[in-house]
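J.: Starting off with a structure, shown below.
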Amino acid sequence: MTLTAFALIVFSAVLHASWNLIAKKNRMRFAFYTLLCIPGSLFWSNVQFWTPIPLSGLPWTFWLIIAATIFSDVFIYCIGVTQSYKRMDMASAYPMMRALPILMTAAATAILGWGAPLPWISVFGFLLVFCGSLMMPLLKFSDFKISNYLTPTIFFVFLAALGTTGYTIFDSKGLEIIRDYCAAEGMEIPKAVQSLTYYSTRSLCLVSTLLITTFSLKEERNAFFEYWRERNFMPFVGGICASGTYVLVLIAMNYVTNVSYVQVCRQLGLPIGMAAGILVLKERSTPVKWVGVALILIGFAVAVLLK
């Protein structure tokens, strides 16, 4: 992983924790997520008019990847997040939703053979970050046992993690297809432009799917208009943070040999999310949470800096 990728992901982690805090405070639901995604889609839609990459020339596998990442985002991740935040506080739900994709992404990329093989030192670091993430929702050290995680609520956390893993891997593959296409056509296009082209296309497809889904559900349709009537602009503020988050992540994907490194670096948002939950939402802080933070930082150093 390059210094460029590291800097981009750290900044994106701050933005990611910010929009999750806004979502938790404003009751995360389909209507909210739809409004949250609209600002980024509108802002980056201009890329469609000036990008030198002809979308019509991309192979059919690119559009299959787009379909897969949208399905993962809308019908797996969004459902998981909305239901998790209904049942858990941010200090508990957020770390667990970020922890599971670490190992899930590493396993998926290994099985699919996407990206460079991970060295054992990185895998060990991933495990440390994973354990640290799982400790952060706990109140005391004796709570660190499997039975406390096997609850009905954990299903939705797992669903959110599965969605995160899915769209992360598919987006990485989508960017790879664009890179390969540009190389085959002899097009020397900056990596940032390639990433923005992908994000703009993905975002337009995502918002279209979310709007159709939201307006198909009566409660979500009513909630959508309620945000407008109340002049609640928090979804748009969260949308700016969410858009910035993923644009930076997509650009960073161009500078890593395996997307699993992106996933583990994003865990740096966990200490930020915990601090936000404590300071803004007045949630509890315990010694075990700080041990979890320490493990995340040590695991990150082992996985990324010592590999």
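J.: Over the chain, how many pairs of lysines fall under 30 Å by alpha carbon, counting only those 8 or more apart in sequence or from different chains?
T.: Value for the chain: 26.
J.: Find the relative contact order for the chain and round it to a whole percent, using C-alpha pairs within less than 8 Å whose residues are 6+ positions apart.
T.: Values: 451 pairs, mean separation 137.3, N = 307.
Once normalised by length, the contact order is 45 percent.
J.: For segment 129-181, build the convex hull from the C-alpha positions and give me its volume per residue in Å³. Display every interim value, and only then the final one.
T.: On the way: hull volume 4.4 nm³, N = 53.
Measuring per residue, one finds 84 Å³ for the Cα hull of segment 129-181.
J.: Counting only residues 5 or more places away or on other chains, whose amide H sits under 5 Å from the amide H of Ser285 once H atoms are built in the peptide plane?
T.: Answer set, sorted by chain and number: none.
J.: Now, a different point. Working from the pairwise distances between different alpha carbons, so that the mean of 1/r is found and then inverted, what is segment 17-74's Kirkwood radius in Å? Write down the numbers at each step before the final one.
T.: On the way: mean 1/r = 0.0720 Å⁻¹.
In segment 17-74 this quantity evaluates to 13.9 Å.
J.: In what sequence do Thr151, Thr164 fall when counting other Cβ within 10 Å, fewest first?
T.: Numbers: Thr151 11, Thr164 25.
In increasing order of surrounding Cβ atoms, one gets Thr151, Thr164.
J.: May I pose another question? Quickly estimate the mean residue ellipticity at 222 nm for the chain, helices only: each DSSP H run with n ≥ 4 gives -39500 (n - 2.57), and the total goes over all residues, rounded to 500.
T.: Numbers: 14 runs with 222 residues, N = 307.
For the chain, the value works out to -24000 deg cm²/dmol.
J.: Does the chain classify as rounded, prolate or oblate by the C-alpha gyration tensor (a ≥ b ≥ c root eigenvalues; a/c under 1.5 gives rounded; else a/b over b/c gives prolate, otherwise oblate)? Spell out each step's value before the answer.
T.: Numbers: a/c = 1.84, a/b = 1.14, b/c = 1.61.
Here the chain falls in the oblate category.
J.: Here is a follow-up. Most exposed first by the Cβ proxy, i.e. fewest other Cβ within 10 Å, how do Asp143, Asp73 rank?
T.: Working: Asp143 14, Asp73 23.
So the residues, fewest neighbours to most, are Asp143, Asp73.
J.: Just the number, please: Stokes-Einstein D of segment 113-262 in µm²/s, Kirkwood Rh from C-alpha pairs, 37 °C, 0.692 mPa s.
T.: Values: Rh = 19.0 Å.
This corresponds to a translational diffusion coefficient of 173 µm²/s.
J.: Val10 versus Trp63, label points 7 Å from Cα toward the beta carbon: distance in nm?
T.: Between Val10 and Trp63, the label points sit 4.2 nm apart.
J.: Based on a Kirkwood Rh over C-alpha pairs, give the Stokes-Einstein translational diffusion coefficient of segment 181-278 at 10 °C and viscosity 1.306 mPa s in µm²/s. Mind showing how you got there, number by number?
T.: Details: Rh = 16.6 Å.
The diffusion coefficient I find is 96 µm²/s.
J.: Got a sec? Charge dipole of segment 175-282, +1 on Cβ for Lys and Arg, -1 for Asp and Glu; which of Met253, Ser203, Phe236 is way out at the positive end?
T.: Phe236
J.: While we're looking at this one, here's another question. Calculate, for Ile121 and Val237, the FRET efficiency according to 1/(1 + (r/R0)^6) with r their C-beta to C-beta distance and R0 41 Å; round to the nearest 0.05. Mind showing how you got there, number by number?
T.: On the way: r = 40 Å, r/R0 = 0.97.
The value I calculate is 0.55.
J.: Determine ³J(HN,Hα), in whole Hz, for all residues of segment 70-78 in sequence, where each value follows from phi through the Karplus function 6.51 cos²θ - 1.76 cosθ + 1.60 and θ = phi - 60°; x replaces Gly and Pro.
T.: Computed from phi, the couplings for segment 70-78 are 5, 4, 4, 6, 7, 9, 10, 4, 4 Hz.
J.: How large is ³J(HN,Hα) for each residue in segment 132-147, as worked out from phi by the Karplus curve 6.51 cos²θ - 1.76 cosθ + 1.60 (θ = phi - 60°), to whole Hz, x for Gly and Pro?
T.: Those phi angles translate into x, 5, 5, 7, 4, x, 7, 9, 8, 4, 5, 7, 7, 8, 4, 4 Hz.
J.: What spacing in nm lies between the two simple spin-label points modelled at Asp89 and Lys282, each 7 Å away from Cα in the Cβ direction?
T.: Taking the simple label geometry, Asp89 and Lys282 are separated by 1.1 nm.
J.: Compute a Gaussian network model of the chain, connecting alpha carbons closer than 10 Å, and tell me which residue from Ser45, Ser216, Ser172 fluctuates the most.
T.: Ser216
J.: Where the only charges are on Cβ atoms (+1 Lys, Arg; -1 Asp, Glu), what is the dipole of segment 142-225 about its Cα centre, to the nearest 20 debye?
T.: On the way: 7 positive and 8 negative charges, 41 e Å.
Dipole magnitude for segment 142-225 comes out near 200 debye.
J.: Now a separate question. Can you work out the Karplus-derived ³J(HN,Hα) for every residue in segment 208-214? Use 6.51 cos²θ - 1.76 cosθ + 1.60 with θ = phi - 60°, whole Hz, and x for glycine or proline.
T.: The phi angles translate into 4, 5, 5, 5, 4, 5, 4 Hz.
J.: If we count other beta carbons within 10 Å of each Cβ, what is the order of Arg229, Arg98, Arg179, fewest first? Write down the numbers at each step before the final one.
T.: Details: Arg229 7, Arg98 29, Arg179 17.
Exposure proxy ranking, most exposed first: Arg229, Arg179, Arg98.
J.: Applying 1/(1 + (r/R0)^6) with R0 = 51 Å to the Cβ-Cβ distance of Lys140 and Ser208, what FRET efficiency is obtained, to the nearest 0.05?
T.: Numbers: r = 46 Å, r/R0 = 0.91.
Once rounded, the FRET efficiency stands at 0.65.
J.: Please pull out the direction-averaged projected area of segment 1-139, using the convex hull of its alpha-carbon atoms, in nm² to one decimal place.
T.: Details: hull surface 43.8 nm².
Reported value for the Cα convex hull: 11.0 nm².
Every number here is computed from the coordinates shown, using simple stated rules; none is lab data. Bear in mind the structure is a predicted one, so any value in this text is a computation, not a measurement. Cβ atoms come from the backbone with ideal geometry, glycine included; neighbour counts cover every protein chain shown.
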